[in-house]
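The values are calculated or read from the model by the stated rules, or taken from the named source; none is laboratory data. These numbers come from a predicted model, not from an experiment. When we count neighbours, we look across all protein chains shown, and the Cβ atoms used for this are built from the backbone with ideal geometry, even at glycine. Side chains are part of the model used for accessible areas, which takes the heavy atoms of the whole protein and leaves out ligands, DNA and RNA. Shrake-Rupley method; radii C 1.70, N 1.55, O 1.52, S 1.80 Å.
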Amino acid sequence: MSRADQIFVENMKEIMEHGVSDEKYNVRPHWADGTPAHTIKKFGIINTYDLQEEFPILTIRRTALKSAIDEILWIWQKKSNNIHDLHSHIWDSWADENGSIGKAYGYQLGKKAIYPEGEFDQVDRVLYDLKHNPNSRRIMTNIYNFEDLHEMGLYPCAYSMTFNVEGDRLNGILNQRSNDMLTANNWNVVQYAILIMMFAQVSGLKPGKLIHVIADAHIYDRHIPLVKKVIAKPQHKAPKLVMNPDVKNFYDFKVEDFQLIDYEYEILEEKIPVAI
């Protein structure tokens with residue numbers, strides 16, 4: 001059975017059985033009808049996914065792989081902050097009339113700085129160090145830039161990646177301040193697993209472990225019935241992710257370079273409402 005499924009089910013049970021509700025507080029998120037979107041949460045969940053063992057995509061519900069890849073490329077490859085460069089509509093609620101989400105996500109990764117080795121943005125600095133300084137303990141990115149927060153449509157949720165080379169394996173730690181567990185947990189896991197896989201391939205390395213650190217792991221009130229339904233579904237064997245081996249430059253990757261083999265998953269008929 002899929003280890004990703006097992007981790008997800010354990011997380012959801014832990015939150016529902018031992019989490020803390022914010023129902024008595026005023027909260028920022030709300031539903032489309034204006035009703036406050038309350039949650040039950042756990043602080044400090046840490047999950048580890050070994051990318052040599054399996055590709056960590058859920059089988060108890062479908063994760064839309066192509067859309068997840070499109071978004072991670074939008075942020076890390078295009079370094080865009082405009083939804084017109086994105087094929088899905090997941091960011092529409094946080095964009096202005098011109099399609100901009102402000103100085104967030106891709107904008108932060110694309111900001112350049114001068115180093116002794118030359119001028120780099122955050123992504124290019126990671127790629128440079130993975131090839132030239134693989135034993136460095138300083139290979140990381142951070143997009144939670146305090147001076148720009150007031151100009152962001154949404155403060156970054158997944159805000160920091162730390163990369164570390166262990167032998168011939170590339171490991172990564174994803175730090176996330178907040179995670180809507182039903183809507184986005186596996187979406188983020190899939191995205192950053194693929195990011196590690198892409199960076200490993202173009203750096204002559206093998207993908208290692210993804211460690212996902214979540215500060216505020218929460219389930220929204222209207223999601224609880226859906227969560228109970230999802231975690232009761234049958235679990236299947238993890239599929240295999242095939243990545244185009246001919247791509248040697250990170251900026252050449254396209255959505256079409258990824259294919260899931262033998263992805264068997266359960267159908268969730270209900271549409272998941274998204275708090276905004």
FRET efficiency, 1/(1 + (r/R0)^6) with R0 22 Å, evaluated for F120 and R177 via beta carbons: 0.30
Over the Cα atoms, compute the radius of gyration (one decimal) and Dmax (the largest Cα-Cα distance, rounded to a whole number) for segment 201-266, in Å. 17.3, 45
Report Rg(Cα)/(2.2 N^0.38 Å) for the chain, keeping two decimals. 1.00
Using a 1.4 Å probe and ignoring any ligands, DNA or RNA, find the accessible area of T162 and quote it in Å² to the nearest 10. 40 Å²
With a 1.4 Å probe and every protein chain kept in, tell me what percent of the accessible surface of the chain is carbon plus sulfur. 50 percent
Provide the per residue accessible area, probe 1.4 Å, for the chain, rounded to a whole number of square angstrom. 50 Å²
Applied in sequence order to segment 191-201, the curve 6.51 cos²θ - 1.76 cosθ + 1.60 (Karplus, θ = phi - 60°) yields integer Hz couplings, x standing for Gly and Pro, of 4, 7, 5, 5, 4, 4, 5, 5, 4, 5, 4
Measuring from label point to label point, each 7 Å out along Cα→Cβ, what is the E264 to I276 span in nm? 3.9 nm
Quick check: pseudo-label points 7 Å beyond the Cα along Cα→Cβ at E14 and N249, how many nm apart are they? 4.2 nm
Going through segment 55-159, which GluC sites (Glu not before Pro) have at most 15 other Cβ atoms within 10 Å and a DSSP loop state? E97, E117
For a label point 7 Å along the Cα-to-beta-carbon line of E147, residues of segment 109-123 with backbone N under 19 Å: 109-116, 119-123
Total charge of the residues flanking R138 in space, meaning their Cβ is under 11 Å from its Cβ, with Lys and Arg +1 and Asp and Glu -1, is +1
For a quick check: with amide H placed at 1.01 Å from N, whose amide H comes under 5 Å from R169's, ignoring anything fewer than 5 positions away on the same chain? K206
Radius 14 Å from Cβ of K24, net charge of other residues (Lys, Arg +1; Asp, Glu -1): -2
With a cut-off of 8 Å between alpha carbons and a minimum separation of six or more residues, what is the relative contact order of the chain in percent? 27 percent
Among D216, D92, D33: highest mean-square fluctuation, GNM of the chain, C-alpha pairs under 10 Å: D33
